[in-house]
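Okay, structure first, notes after.
The values are calculated or read from the model by the stated rules, or taken from the named source; none is laboratory data. Values in this document were obtained by computation on a predicted structure and should not be read as measured data. Neighbour counts are summed over all protein chains in view; Cβ atoms, including those assigned to glycine, are modelled from backbone coordinates with ideal geometry. Protein only, heavy atoms only, side chains kept; ligands, DNA and RNA dropped before computing areas. Shrake-Rupley method; radii C 1.70, N 1.55, O 1.52, S 1.80 Å.
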Amino acid sequence: MSDVTRARHGRPVHHWRRDVIELAALFTAVAVADAVANLVGHGPDGPVLLLISAVALVATAAFHTWWARHHGHAPPVGDTDIDARPLSPEQAGPSEQSPAEAGVSTLWRMRTTVKDEPGSLAALCTALAGHRVDILSLQTHPLAEGTVDEFLLRAPGALEASGITRAVSLAGGSGTWIERADAHDLVDAPTRVLGLATRTALDAAELPLTLRQLLGRCTIRQSPAGAGPETVPTEGALEDTVMRLRAPEGGVITVERPYLPFTPTEFARARALVELDAVLGPRVPRSEDVLTLPEGNDITVRRADVGDLEAAKAMHERCSQRTLSLRYHGPVGDADRYLNHLLSPRFGRTVAVQTTSGRLVGLGHLLWDGDETEVALLVEDEWQRRGIGAELLRRLVGMALEAGCDSVYAVTQASNTGMVAAMRGLGLPLDYQIEEGTLVITARLDGVAASAEGMVSVTNAEAP
């Protein structure tokens, strides 16, 4: 029996209509043979009738043979639920994949501009469906000259980015940008923005990080009041790939993303985060850890901010000129003027070490430097070589991991063996660059889990 006459579960299919027709044909043939025999035996023209009957039987046999060939092995479509018509290559193309290809998919984030007219988005979706691309989420950003559509796509693993952009271009999309996505992008936009707003509300140091996560790969710089362009209006300004926002404490926050223009929707979301930060004012989470040094002294490690300015200046006065010069790489007399910037949560995070009497003896800074991150340490002379610098650095790297930084770098002098030893003690891949006595050590954080042992931010410890 041919395979097409089997049902889906492999059992033969019995076609009762064909059996009835063949049985009826048998009875008809017997009846006709009997009638012909009577006529031949009793009629005057027996030979003529015999010849006519022979011709009729041959014609009947030929018809039966033709009918059997065309219908005997091809059951009706309704009996098998199988469409016997062959598929064209265009119809079969996307579905003809190997099992390995069919089981692998890739997430993509894509943005493209279409005309603001009925049917434009439908044509785009149809083109993607033709390549078996699943649309997981869609956001639209209306513009004056069209609409920017932002997609989260799941595509077959064998389909390259160039294939997707080509299909989108043929469907009317222009200015298409596409990049790989991951599971974090599956969170819908409102939930994601609310999560970023929560982070901003809890810690003023989070604003640059939340802006970066909101807007993707971008460079964020903040100019203090009087140093930036004063022409920026209170509500901010958007210029294609650059947006400028008024910082809550004065000055200007500049965000640049050369590879992809900002949309008005992104600008409005970024401005809302900055306005939330301004309403809440300066704030740092209350957290502290009490640690015991090898010689038995207890120290407290906590977050610091501009409220610790006077204590930090007092520590400067107790530090030697060599210690200050190793930290600030400039005139020692100017060290105090850096503290307002360093202690501001707007430019990064600061971790302080204080004794049981409340005296500040160490500061560690994690500074947002555009799209890079700098670490810096200062420990009072009398408290050096007790592991305080290593403890501060370990916590700063833990914060950088939590913030999603790819690397951290430290700028020091080649003679600063203490800083070099602390960086090497992290156990991370290091890059060294030396130029005219200045040493830049970069620690790569790629592939290091944020929960790595010993690298936990002090922000995770609740205050007693």
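Computed quantities for the displayed model
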item	result
Low-density loop cleavage sites - chymotrypsin sites (Phe, Trp or Tyr not before Pro) in segment 260-349, where at most 16 other Cβ are within 10 Å (DSSP)	none
LEU401 - accessible surface, heavy atoms, 1.4 Å probe, Å² rounded to 10	20
Surrounding net charge for ASP334, when Lys and Arg each add one and Asp and Glu each subtract one, Cβ distance under 15 Å	+1
Segment 312-434 - percent relative contact order, Cα under 8 Å, separation 6 or more	21
Residue order for CYS319, CYS125 - accessible surface, 1.4 angstrom probe, largest first	CYS125, CYS319
Column: log10 I(q)/I(0), Debye, Cα scatterers of segment 136-179, q = 0.18, 0.21, 0.23, 0.33 Å⁻¹	-0.59, -0.78, -0.91, -1.32
Neighbour-limited loop hits for GluC sites (Glu not before Pro), segment 123-172 (at most 15 other Cβ within 10 Å; DSSP other than H, G, I, E, B)	GLU145, GLU160
Computed accessible area, VAL232, all protein chains, 1.4 angstrom probe, square angstrom	10
Filtered chymotrypsin sites (Phe, Trp or Tyr not before Pro), segment 355-450: DSSP coil and at most 10 other beta carbons within 10 Å	none
Accessible-area ranking of GLU266, GLU235, largest first, probe 1.4 Å	GLU235, GLU266
Exposure ranking of THR292, THR165 by accessible area [1.4 Å probe, largest first]	THR292, THR165
Stokes-Einstein diffusion coefficient of segment 254-410, Kirkwood radius over Cα pairs, 20 °C, 1.002 mPa s, in µm²/s	125
Summed side-chain charge close to GLN413 - residues other than GLN413 whose Cβ falls under 11 Å, Lys, Arg +1, Asp, Glu -1	+1
Computed over segment 110-233: relative contact order in percent, which uses C-alpha pairs under 8 Å that are six or more apart	24
Cα-Cα pairs of segment 156-216 separated by more than 15 Å (percent)	64
Rounded if a/c under 1.5, otherwise prolate or oblate - segment 310-369, Cα gyration tensor axes	oblate
